[in-house]
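Undergrad: This is the structure I want to talk about, given as structure tokens.
The values are calculated or read from the model by the stated rules, or taken from the named source; none is laboratory data. Note that the structure is a prediction, hence the values are computed from the model and not measured. Using ideal geometry, Cβ is built from the backbone for each residue, glycine included, and neighbour counts are taken over all protein chains shown.
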């Protein structure tokens, strides 16, 4: 994550042949999304099938930091985020086996009774 003076927030990647360097730097994403300015820090992850994804957080003011999951394209050894034009795609498919536990990230507890509902 990089935010140059008077510039756009962007994702950058560094690489080297040795841990001691020298390092090369490349901007791997510089895009706004859903009416909010650009993206913040994140990471790249891979699945057991060899697919790669970027998990990036976007600051949305009072809502907080919203995670965005997008495809990674490998170009000349660089993990480029987003679609072929470098944009965060509005929709996508992630080939994961559904695992609905019935639990939700946000639920309500009305606190009736002597103790709160335990998850």
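Undergrad: Inside segment 30-64, can you point out the residues that are in contact (Cβ under 8 Å) with a residue 40 or more places away in the chain and within 11 Å of the chain's Cα centre (by Cα)?
TA: Hits for segment 30-64 are 39, 41, 42, 53, 54, 56.
Undergrad: Let me ask something else. Give the residue that is farthest from residue 86 (Cα to Cα), with candidates limited to residues of segment 17-37 that are in contact with a strand residue (DSSP E or B) (Cβ under 7 Å, 6 or more places away or on another chain) and outside any strand (DSSP E or B). Let's see the steps before the verdict.
TA: Within segment 17-37, the first condition is being in contact with a strand residue (DSSP E or B) (Cβ under 7 Å, 6 or more places away or on another chain), and the residues that meet it are 23-30, 33, 36.
The next check asks that each one be outside any strand (DSSP E or B); those that pass are 23, 30.
Values: 23: 23, 30: 7 Å.
Restricting to residues being in contact with a strand residue (DSSP E or B) (Cβ under 7 Å, 6 or more places away or on another chain) and outside any strand (DSSP E or B), the top hit is 23.
Undergrad: Next up: Provide a single number: the residues in segment 43-64 that are in a strand (DSSP E or B) and either within 15 Å of residue 89 (Cβ to Cβ) or at pLDDT below 85 (or both). Outline the logic, then answer.
TA: So in segment 43-64, the residues in a strand (DSSP E or B) come out as 43-46, 52-59.
Still in the list and also either within 15 Å of residue 89 (Cβ to Cβ) or at pLDDT below 85 (or both): 52-56, 58-59.
Qualifying residue count, segment 43-64: 7.
Undergrad: Let me ask something additional. Of the residues in segment 1-16, how many are assigned to a loop (DSSP other than H, G, I, E, B) and either touching a helix residue (DSSP H, G or I) at 6+ places or on another chain (Cβ under 8 Å) or loosely packed, with under 12 Cβ neighbours inside 10 Å (or both)?
TA: Count: 6.
Undergrad: A follow-up question, please. Which count do you get for residues in segment 65-101 that are under 15 Å from the mean Cα position of the chain (by Cα), surrounded by fewer than 10 Cβ atoms within 10 Å (Cβ to Cβ) and in contact (Cβ under 8 Å) with a residue 60 or more places away in the chain?
TA: Here the count works out to 0.
Undergrad: Restricting attention to segment 66-91, which residues are part of a strand (DSSP E or B) and more than 19 Å from residue 40 (Cβ to Cβ)? Let's see the steps before the verdict.
TA: Step one: filter segment 66-91 for residues part of a strand (DSSP E or B), giving 66-75, 78-81.
If the condition is that a residue be part of a strand (DSSP E or B) and more than 19 Å from residue 40 (Cβ to Cβ), then 73, 74, 75, 78 are the ones that fit.
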